[in-house]
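Take a look at the structure set out below.
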């Protein structure tokens, strides 16, 4: 998703300004995508294959689809269906080069 404002660092205020009180819907697909840890010196993924974080896709009605970064130990809550309304725990957003990045500590069913 592209935006027209610029901020520095992840902040809860940026998330609220971009998404308001809109309740997102989870797009489960094949489940959370594991993101491998990246070594900035070699500019390659670490050879151990260590998982740095997980990513899920959320649909915000009227706004579109947004990837959300979650901790490496994140697991989908039991009984959560595709397109179910969810609540992000401690959501934060960051804008870099007009792209918005979102992270949260957890996802709960609404």
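Rule-based calculations on the coordinates, nothing more; no lab input. Because the structure is a prediction, the values reported are computed rather than measured. With ideal geometry, Cβ positions are generated from the backbone for all residues, glycine too; neighbour counts draw on all protein chains shown.
For the reader, a short list of remarks on this structure follows.
- Hydrodynamic estimate: the Kirkwood radius of the stretch 9-85 over Cα pairs, inserted into Stokes-Einstein at 10 °C and 1.306 mPa s, corresponds to D of 111 µm²/s.
- Relative contact order computed over the chain (Cα-Cα under 8 Å; 6+ residues apart), in percent: 35 percent
- Residue order, fewest to most surrounding Cβ atoms within 10 angstrom, among 16, 42: 42, 16
- Working note: 222 nm ellipticity from helices only, DSSP H runs with n ≥ 4, each -39,500 (n - 2.57), summed and divided by the residues of the chain, gives -2000 deg cm²/dmol to the nearest 500.
- Percent antiparallel among DSSP beta bridges (both partners in the chain, rounded to 5): 95 percent
- Using the Cβ-Cβ distance between residue 75 and residue 48 with R0 set to 22 Å, the FRET efficiency works out to roughly 0.55.
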